[in-house]
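The following block contains the structure, expressed as structure tokens.
The values are calculated or read from the model by the stated rules, or taken from the named source; none is laboratory data. All figures in this text were calculated on a predicted structure; none of them were measured in a lab. A quick note on method: Cβ atoms are made from the backbone with ideal geometry, for glycine too, and the neighbour counts reach across all protein chains shown. Quick note on the areas: whole protein, heavy atoms, side chains included, nothing else; ligands and nucleic acids left out. Shrake-Rupley method; radii C 1.70, N 1.55, O 1.52, S 1.80 Å.
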Amino acid sequence: MFIKRKIKVLIVDDSLLFRETLARGITSDPGIEVVATAPDPYTASEKIIEFEPDVMTLDVEMPRMNGIEFLRRLMPQYPIPVVVVSAVSENVFDALNAGAVDFVTKSAPGNPKGMDSLINELIVKIKIASTAKVGHLKGAGLPGGLSGRNNPKSEISDLTERIIAIGASTGGTEAIYQVIKSLPREIPGMVIVQHMPPVFTRMYAERLNNSCSLEVREAKDGDKVLPGRVLIAPGDFHMRLKKFGGSYQVECFKGERVNGHCPSVDILFESVAKEAGRNAIGVILTGMGYDGAKGMLSMRKNGARTIGQDEHSCVVYGMPKVAYDIGAVEKQVALDNIAQVVFSVINGKL
């Protein structure tokens, strides 16, 4: 009889109480085994060699060496899936950039319900991380460089009629950055759903805005979708596209989770299919599950051009795979080439 092996986990946190609480919590799941704990990166390095864990949970703020520096040193030698467990902080994005797969946020001290929620979320993300591919070379932009001020431009009238919609989950924060950093300002407006909790969507939008040529902001209800502008769905709100006259704007609203998520990629993609039709370009990136697949199929049936990230370049080949399998993806592309394909479609060369 085949017995599935448990996921071996190493917990790294400088608080003994927190380490013990996490260990008790996540081992309540029959598919997970905590093989070791460590109070700092130096001890963690020894435990990695000794126990060969499948997944590591990692605090960011620790003595002797912080978690981000540890990730930067660790990943080239031991590319292991890491789930960051951290307070609400922009450091989370530095950790993701350094190679972490995902993150969960620490609850307020003395909040048992918050701790229960954290542990439940961490169990799910450990299981996802155990399937993730890590140690990818990050995209280095596009040959010839599309970003900058001297790129060929499309007519503004064409840009206002068109829309680019992107959906992503696990691994998506870095994948989205790789795509939009390589695009010039002279592109249609973009609407994005990245599965992420509140507060972090705002911080993520601000981070992208400061690091690429496009205007990036967390969407607010009624925001207009304009050329060169990127709107990111706020955490805990669905976002859909609405057309008024010759322009688009977004509607952000509270609602039940769809496919386990709020915001949901399917909600966005279905609205883009309805409101923009053949004037839309859809992109589905790395992520676990199937959110966005049906919405992208609707987009393609309504004449939109659709692009899926390929298996090799995905951290988790889940959402793009389901979309491809049901016929929603017109073209599968490596992450490094997605911006080039989008740009070619915009300019009628593909």
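Rank these residues by their accessible area, most exposed first, probe 1.4 Å: ILE32, ILE49.
Ranking ILE32, ILE49 by accessible area, largest first, yields ILE49, ILE32.
Over the chain, calculate the relative contact order: mean separation of alpha carbon pairs under 8 Å at least 6 apart, over the residue count, as a percent.
Relative CO of the chain lands at 12 percent.
Can I ask one more? How high is the FRET efficiency between ARG24 and VAL134 when r is their beta carbon distance and R₀ equals 25 Å, given to the nearest 0.05?
0.40
Tell me, what is the Rg over Rh of the chain, with Rh the Kirkwood radius over Cα pairs?
0.99
How fast does the range 178-243 diffuse by Stokes-Einstein, in µm²/s, taking the Kirkwood radius from C-alpha pairs at 37 °C and 0.692 mPa s?
The estimated diffusion coefficient comes to 275 µm²/s.
Using all Cα-Cα distances in the range 149-283, what percent lands in each 10 angstrom bin from 0 up to the longest?
In order of increasing distance, the bins hold 13, 48, 33, 6, 0 percent.
How high is the FRET efficiency between MET203 and GLU61 when r is their beta carbon distance and R₀ equals 22 Å, given to the nearest 0.05?
0.85
Compute the FRET efficiency between SER211 and LYS4 as 1/(1 + (r/R0)^6), taking r as their Cβ-Cβ distance and R0 = 35 Å, and round to the nearest 0.05.
My answer for the efficiency is 0.25.
P(r) tail for the range 226-350, what percent of Cα pairs lie past 25 Å?
So the pairs more than 25 Å apart make up 20 percent of the total in the range 226-350.
OK, next. Please give, to one decimal in nm, the separation of the simple spin-label points placed at ARG72 and ARG278, each 7 Å out from Cα toward the Cβ.
5.0 nm
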